[in-house]
Amino acid sequence: MLRELSNLVFLEQGLVILVFNTLSLCFVSCHDHVGCPFWDQ
């Protein structure tokens, strides 16, 4: 039980880091006017 819980927390942390990295990359792309699929501008 405890092992499963720690695995879940680790997975959540990895997912948060992945999303944050994707958003920051996207922001840099938009800032450089390369284009970004998440914005309609």
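Miscellaneous remarks
- Highest-first packing order for the peptide set 21-27, 11-17, 1-7 is 21-27, 11-17, 1-7, based on the mean count of other beta carbon atoms within 10 Å.
- Difference of contour (0.36 nm per residue) and Cα-Cα distance, residue 21 to residue 2: 4.0 nm
Every number in this text was worked out from the coordinates using simple rules, so none of it is lab data. Here the structure is a predicted model, which means the values were calculated and not measured. Here the Cβ is made from the backbone with ideal geometry for all residues, glycine too, and neighbour counts use every protein chain on show.
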